[in-house]
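Enquirer: Pasting in a structure now, in structure tokens, and then I'll have a few things to ask.
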Amino acid sequence: MAEKGSAAKRHRQSLRRRMRNRMAVSEVRTSVKNFMTAVDTKNKEEAEKAFRHVVKKIDTAAGKGIFHRNTVARKKSRLAKMLNRLA
């Protein structure tokens, strides 16, 4: 464990940030899974709704610095391509 008080504080902060980041990544994964389920059932209306939800979650995580902007662009592009194949 940390010897100095400042090191202990940094450790506590890193644990809090790690939990917050893991929750955001988990939310993104869950929403992507829901989108994939809607795509698999070929339900276009449900898929569009889920896509908007996924994009919102991904953009929020990117704004917090959890995902790199290129990663976000790649994920959104691939999901949009899947959505467009339903048409």
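Enquirer: Can you list residue pairs whose Cβ atoms sit under 9 Å apart, with the first residue in region 9-20 being open to solvent by 100 Å² or more (accessible area, probe 1.4 Å) and the second being among the charged types (D, E, K, R)? Count only pairs 6 or more apart in sequence or on different chains.
Expert: R20/K64
Enquirer: Restricting the search to region 17-50, which residues are part of a helix (DSSP H, G or I) and over 18 Å from T60 (Cα atoms)?
Expert: M36, T37, A38, V39, D40, K44, E45, E46, A47, E48
Enquirer: Every residue in region 1-16 that is assigned to a helix (DSSP H, G or I) and among the hydrophobic types (A, V, I, L, M, F, W, C), please.
Expert: Restricting attention to region 1-16, the residues satisfying the condition of being assigned to a helix (DSSP H, G or I) are 5-16.
Within region 1-16, A7, A8, L15 meet the criteria.
Enquirer: Also: Take region 21-55 and flag every residue that is open to solvent by 100 Å² or more (accessible area, probe 1.4 Å) and among the aliphatic types (A, V, I, L, M).
Expert: If the condition is that a residue be open to solvent by 100 Å² or more (accessible area, probe 1.4 Å) and among the aliphatic types (A, V, I, L, M), then M23 is the only one that fits.
Enquirer: While we're here: Being of a type in the set (D, E, K, R), free of Cβ contacts under 8 Å to residues at least 60 places away in the same chain and open to solvent by 70 Å² or more (accessible area, probe 1.4 Å): is that true of K76 here?
Expert: no
The values are calculated or read from the model by the stated rules, or taken from the named source; none is laboratory data. Computed from a prediction, not measured in an experiment: that's the story for all the values here. Every residue, glycine as well, gets a Cβ built from its backbone with ideal geometry; the counts of neighbours run over all protein chains shown. These area figures cover heavy atoms from the full protein model, side chains too; ligands, DNA and RNA do not enter into them. Shrake-Rupley method; radii C 1.70, N 1.55, O 1.52, S 1.80 Å.
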